[in-house]
Amino acid sequence: MSLMDWNEKLNVGVDQMNDQHKVILTYMNTLYDDYQANKPFSVLKSSLDSLKDYTIKHFKEEEEYMESIDYDGIASHKIIHEKLLKTLGEHYENITSTQKFNDDFFHFLKFWLSSHIQGIDVKYGKLKDQKSA
Ligand SMILES: [Fe+2]
Ligand SMILES: [Fe+2]
């Protein structure tokens, strides 16, 4: 079973960002499915690396996008990204040092997806709508 499927609540109104969020979702679901299927740690670790690298790339490009539309909430959004990367890094350290994945990590991923995209990312999409209205 997927960790989380795409739904309209995750639509931020910007195609490029929606596409990147969908890629993140795919990485998360693959990792979760493999975790549930008890795949070897090396397989999970390789997905985790891809997810981590892609998340860093996404945050950078999302910040560039917010700059391009002069979004005034960019400073606080960047701080939230930094905090998320810090938490992701802590999970990463824990997972690589114990060589084990855990449910807490997947709760974090799911929480990040649902609350960050729906609660924070959607705000820059609303600004875009106001500007084009
Ligand atoms: Fe974001
Ligand atoms: Fe995002």
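Quick rundown of the values:
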| read-out | value |
| --- | --- |
| Sequence of Val43, Val122 once ranked by neighbouring C-beta atoms within 10 Å, starting from the fewest | Val43, Val122 |
| Rounded tilt (10° steps) of 15-36 against the dominant C-alpha axis of the chain | 20 |
| Phi to ³J(HN,Hα) by Karplus 6.51 cos²θ - 1.76 cosθ + 1.60 over segment 97-109, Hz, x for Gly, Pro | 6, 8, 6, 9, 8, 9, 4, 3, 4, 6, 4, 4, 4 |
| Nearest-ten-degree value, helix 41-68 long axis tilted from longest Cα axis of the chain | 10 |
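Computed from the coordinates by the stated procedures, all read-outs in this text should not be read as laboratory data. The shown structure was predicted, so the numbers you read here are calculated from the model rather than taken from an experiment. Cβ: placed from backbone, ideal geometry, glycine included. Neighbour counts: every protein chain shown.
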